[in-house]
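Throughout, read-outs are computed from the coordinates displayed, never taken from laboratory work. Bear in mind that the values here come from a model prediction, so they are computed numbers and not experimental data. No Cβ is skipped: glycine too gets one built from the backbone with ideal geometry, and neighbour counts run over all protein chains shown.
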Amino acid sequence: MKDSKDIKSYDVVKKFYYLPDDNRYAKKEGGFYYWIDEGKVEFHQNYIDIVFGDIYAIEISEEDFNEALEKSRKKVKGYK
């Protein structure tokens, strides 16, 4: 069993990205990747490549991510 120090140091930092090649918005939370798809935030582990630089990604703010999510929900053209 892990002690509480290990649990507290677990990667809980949220990071947000815009992926121009896919025209998608993604976030990393708790070591997992999610993307916006048709107005929902869905698990999408394929973006693990962001960490290794295999996917071109621009880091954005949480506000920018949430704005893109809202536009996706409203089916604004250009937002998946």
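Below, the figures for the structure above:
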| quantity | calculated |
| --- | --- |
| Under Karplus coefficients 6.51, -1.76 and 1.60, residue-wise ³J(HN,Hα) of segment 26-40 in Hz, glycine/proline x | 9, 9, 10, 9, x, x, 10, 10, 9, 9, 8, 9, 6, x, 10 |
| Computed FRET value (nearest 0.05) for His44 with Lys14, which takes r as the C-beta separation and R₀ as 22 Å | 0.90 |
| Burial order of peptide ranges 32-38, 12-18 (average beta-carbon count within 10 Å, highest first) | 32-38, 12-18 |
